[in-house]
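Right, one structure below, let's go through it.
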Amino acid sequence: MRKIFVQEPDSDIWKKWIRDCQEETQKAIDSVTKGENPKINEKLYKRDSIKKSYFVTKGAPFYGRCTYCESPIKDNQYPQVEHFRPKAGIMDENRKVINLKDENGIDTGEPHPGYYWLAYDWRNLLPSCAICNQPKSTLFPVVGRHAQAPNEEINEKPLLINPISELEDDNPELHLSVDPHTGIMSPVNDSLRGAMCIKLFRLNEREQLVDERKKIRRITNTMVTELYEALQKTGDPTYSERQAYQEIIKCYEELIGVFKGSQPYTAAYLSILRQKGFTIEWLQKKCEIFQDLLSNLDD
Ligand SMILES: [Zn+2]
């Protein structure tokens, strides 16, 4: 799991979708006010045009990958648009159905309807592979009480992590780290949220996933070596300054891309790069220096 930087798209199809989603959300809220069950329009939240252009596109923000396990979602698998907060019904981590509570916190015996008011909220929708989505289903463990009405979720303390959330504590790096030698994930500082993600998405039980994370160590080391080799070329007379600068910029840009989440299993890359002292800010600063040098050659 890695932090995903999302910018709301500016396209007309997106704006139309948001308007339709707002309308449908209001309908759901109105039905609950009237004492009816909210109907969820499945076709709307995973509208084809939005799915293709946003949720499962090869580029930013999700790079064609599962939000939770970071595996590429292949075209032949059925990519799913997952609700972080479940749209209908909630269970805790032990698969116990959550009931509504009255104002004194007493169980009413009536099942919680789920976060129907977030069923069409793009900040609650995440692309996910079938392997992660299945065990998650309507599971949504929290510390304390579940939100029961619109906006109450602001005060909720989820035990899962939403990597597109802008909340400081939703940065997966604060909760999860990867051992570069074994590919095994561990909670950072005994983080309960990290431990819950590992358990619920079976991040250490899936052999292939652990193997893929293990391979990242070699790939990262190669990237760093290539950068140092490129930097050596500035003093090497067999290379022109232009060639050397171009290569250095390419290496910096690749590493910056890793920090932005362009590679599968970013969490594994970051555990290694952080250990080596790299930060995105430092890389960007260095990259700009060589971009300036290169443009000076053109002047
Ligand atoms: Zn997954």
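Rule-based calculations on the coordinates, nothing more; no lab input. Remember, predicted model here, so these are calculated numbers, not experimental data. All Cβ positions, even for glycine, are placed from backbone atoms using ideal geometry, and neighbour counts span all protein chains on display.
Note on 1, 196: ascending count of other Cβ atoms within 10 Å places them as 196, 1, the fewest first.
Peptides 169-180, 6-17 ranked from most to least packed, by the mean per-residue count of other Cβ atoms within 10 Å: 169-180, 6-17.
The distance from the alpha carbon centre of region 1-65 to that of region 254-291 is 30 Å, rounded to a whole number. For region 91-155, the alpha-carbon radius of gyration amounts to 1.20 times the rule-of-thumb value 2.2 N^0.38 Å expected for a compact globular protein. Take every pair of alpha-carbon atoms less than 8 Å apart whose residues are at least six positions apart; their mean separation over the length of region 41-181 yields a relative contact order of 22 percent. Compactness of region 116-212, taken as the C-alpha radius of gyration over 2.2 N^0.38 Å, stands at 1.15.
Taking 25 °C and 0.890 mPa s as the conditions, I'd like the Stokes-Einstein D for region 213-293 in µm²/s, using the Kirkwood hydrodynamic radius from alpha carbon pairs. The diffusion coefficient I find is 188 µm²/s. Amide H to amide H distances under 5 Å link residue 100 with 108, 109, 110, 112, where only residues 5 or more positions off or on other chains count and H is placed in the peptide plane. With distances taken between every two different alpha-carbon atoms, the chain has a Kirkwood hydrodynamic radius of 21.4 Å.
What separates the Cα centres of region 86-101 and region 148-226 is a distance of 23 Å. For residue 41, what charge total do you get from the other residues with a beta carbon under 12 Å from its beta carbon, if Lys and Arg give +1 and Asp and Glu give -1? My count for the surroundings of residue 41 gives +2. Electrostatic bookkeeping for residue 234 treats Lys and Arg as +1 and Asp and Glu as -1; over the other residues with beta carbon under 12 Å from its beta carbon, the sum is -2.
For Cα pairs less than 8 Å apart in space and 6+ apart in sequence, what is the mean separation divided by the residue count of the chain, i.e. the relative contact order in percent? For the chain, the relative contact order is 17 percent. As a length-normalised measure over Cα pairs under 8 Å and 6 or more apart, the relative contact order of region 213-293 settles at 37 percent. Zone of residue 57 (label point 7 Å along Cα→Cβ, backbone N under 14 Å): which residues in region 1-25? Residues passing the 14 Å test: 5-15. Close amide-amide hydrogen proximity is noted between residue 177 and 186, 188, each under 5 Å apart and 5 or more residues distant or on a separate chain (H modeled in the peptide plane; Pro and chain starts excluded).
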